[in-house]
Amino acid sequence: MVYVGTVGNYAEVTVTKQLSDVRLVLNYVSMLPDVDAINSSLIVHSLGGSVA
């Protein structure tokens, strides 16, 4: 897995970068054997809410 998002620089945070990060995480987590990808939820807040 390759991290393509920002690393602690809030000025560089964009919705596009956050969306890319979320897709990477969801793809990774959905492949884990203990995760039911069909019946999982994503909980977000603040700017993350606009990404969801």
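Looking at the stretch 21-48, which of its residues are touching a residue at least 12 places away in the same chain (Cβ under 8 Å) and farther than 25 Å from Y10 by Cα?
Scanning the stretch 21-48 gives no hits.
Can you spot a residue in the stretch 14-23 that is at pLDDT below 80 and exposed (fewer than 12 other Cβ atoms within 10 Å of the Cβ)?
no
Of the residues that make up the stretch 28-50, is at least one of a type in the set (S, T, N, Q), modelled with pLDDT under 70 and touching an Asp or Glu at 6+ places or on another chain (Cβ under 6 Å)?
No, because not a single residue in the stretch 28-50 is of a type in the set (S, T, N, Q), modelled with pLDDT under 70 and touching an Asp or Glu at 6+ places or on another chain (Cβ under 6 Å).
The values are calculated or read from the model by the stated rules, or taken from the named source; none is laboratory data. Everything numeric in this text was worked out from a predicted model, so none of it was measured. Heads up, the Cβs are rebuilt from the backbone with ideal geometry, glycines too, and the neighbour counts pull from every protein chain shown.
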